[in-house]
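These notes are about the structure you will find just below.
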Amino acid sequence: MTMKIAFSASKRPEAQTALQVLTQKYGQVSEDSADVIVALGGDGAMLDAMRRRFGDQKPVYGMNRGTVGFLMNQYSEDDLPTRIDRAELASVSPLRMSATDIAGNRHDHLAINEVSMLRQTSQTAKLKIIIDGKQRIEELACDGLMVATAAGSTAYNLSAHGPILPIGANLLALTPVSAFRPRRWRGALLRHDAQIEVEVVSPHLRPVSASADNQEVRNIVNVSIHEETSLHLTMLFDTGHALDERILREQFAF
């Protein structure tokens, strides 16, 4: 039985060229009728393709035709159906962000990598952190704060000196961005089923935005975050290059 593949590509010239070559070689079907989605580009293209899979949860196989490709496989035009058929699976659940803005509007978004909160102006953000209904930090003065999944722990979280989380560790990383007070606080590891609430102190004076991956909400008052365990997204990786192995290698990279 012929594998039905839906190719998607970022706007980068390399990705668009690969799209033309691969669709000519392997054909192209709609994502609704496909067995697998092949994303071409960088990690952003992979995240965009996965975000469209919340409804049907079809597997996504990425090939790197961008700048950052931590979630992508090496690009090759040869024997693609066999590579996909032999690929190793990594299952991840997204974070659900529910943010309320200063006008009282609620915004719900899903994030595969992280939910981040960042100051909008030169004023330092001041955030109250509540975990599972218990206040843990009354006032964190910082540039921002994020909650990262294992899949996202090597992205923005790592750049902010957060911990790398192995897939299957059932943990979330709570990582500050340039914490000023408490100055020595470096973040926390939380159970994957933790209920996280962040309240903005003086939201009019110190405006803060919240983003679920690249989906931004500005001028927030509070945000709640939890893992959406009812959703399971599947990424495919070439044999020997599975996501958990990549995360392990990253921890020993110098």
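Only the coordinates and a few stated rules stand behind these numbers; no lab work does. Keep in mind the model is a prediction, meaning the values are calculated, not measured. Using ideal geometry, Cβ is built from the backbone for each residue, glycine included, and neighbour counts are taken over all protein chains shown.
Could you say which residue among Leu95, Leu110 is of a type outside the set (Asp, Glu) and in contact with a Pro (Cβ under 6 Å, 6 or more places away or on another chain)?
Of Leu95, Leu110, the one residue that is of a type outside the set (Asp, Glu) and in contact with a Pro (Cβ under 6 Å, 6 or more places away or on another chain) is Leu110.
I need a count of the residues in the stretch 43-69 that are closer than 25 Å to Ser230 by Cβ and in a strand (DSSP E or B).
Looking only at that region, the number is 3.
Quick check on my filter: what residues within the stretch 70-99 are out of contact with any strand residue (DSSP E or B) (no Cβ under 7 Å at 6 or more places or on another chain), outside any loop (DSSP other than H, G, I, E, B) and in contact (Cβ under 8 Å) with a residue 60 or more places away in the chain?
Once the filter is applied, which keeps residues that are out of contact with any strand residue (DSSP E or B) (no Cβ under 7 Å at 6 or more places or on another chain), outside any loop (DSSP other than H, G, I, E, B) and in contact (Cβ under 8 Å) with a residue 60 or more places away in the chain, the stretch 70-99 yields Leu80, Pro81, Arg83, Asp85, Arg86.
Can you say whether Thr175 is touching a helix residue (DSSP H, G or I) at 6+ places or on another chain (Cβ under 6 Å) and farther than 20 Å from Arg249 by Cα, as far as the supplied structure shows?
For Thr175, the condition - touching a helix residue (DSSP H, G or I) at 6+ places or on another chain (Cβ under 6 Å) and farther than 20 Å from Arg249 by Cα - is met.
Applying the selection to the stretch 207-254, what residues are within 16 Å of the chain's Cα centre (by Cα), part of a loop (DSSP other than H, G, I, E, B) and of a type outside the set (D, E, K, R)?
Once the filter is applied, which keeps residues that are within 16 Å of the chain's Cα centre (by Cα), part of a loop (DSSP other than H, G, I, E, B) and of a type outside the set (D, E, K, R), the stretch 207-254 yields Asn214, Thr229, Leu231, His232.
Quick test for you: out of Asp238, Asp213, pick the one residue that is of a type in the set (Asp, Glu), touching a residue at least 60 places away in the same chain (Cβ under 8 Å), out of contact with any Ser or Thr (no Cβ under 7 Å at 6 or more places or on another chain) and crowded, with 22+ Cβ neighbours inside 10 Å.
Unique residue meeting the criteria: Asp213.
Which residue is farthest from Ser76 (Cα to Cα), if the candidates are limited to the stretch 1-42 and must be in a loop (DSSP other than H, G, I, E, B) and under 24 Å from the mean Cα position of the chain (by Cα)?
Asp32
Suppose the filter is surrounded by fewer than 20 Cβ atoms within 10 Å (Cβ to Cβ) and of a type in the set (S, T, N, Q); does Ser10 pass it?
no
Find the residue count for the stretch 164-182, including only residues that are buried (at least 20 other Cβ atoms within 10 Å of the Cβ) and touching a Ser or Thr at 6+ places or on another chain (Cβ under 7 Å).
Adding up the residues that qualify gives 3.
State yes or no: is Leu189 out of contact with any His (no Cβ under 8 Å at 6 or more places or on another chain), surrounded by fewer than 22 Cβ atoms within 10 Å (Cβ to Cβ) and not β-branched (Val, Ile, Thr)?
Considered against the rule, which asks whether it is out of contact with any His (no Cβ under 8 Å at 6 or more places or on another chain), surrounded by fewer than 22 Cβ atoms within 10 Å (Cβ to Cβ) and not β-branched (Val, Ile, Thr), Leu189 comes out as yes.
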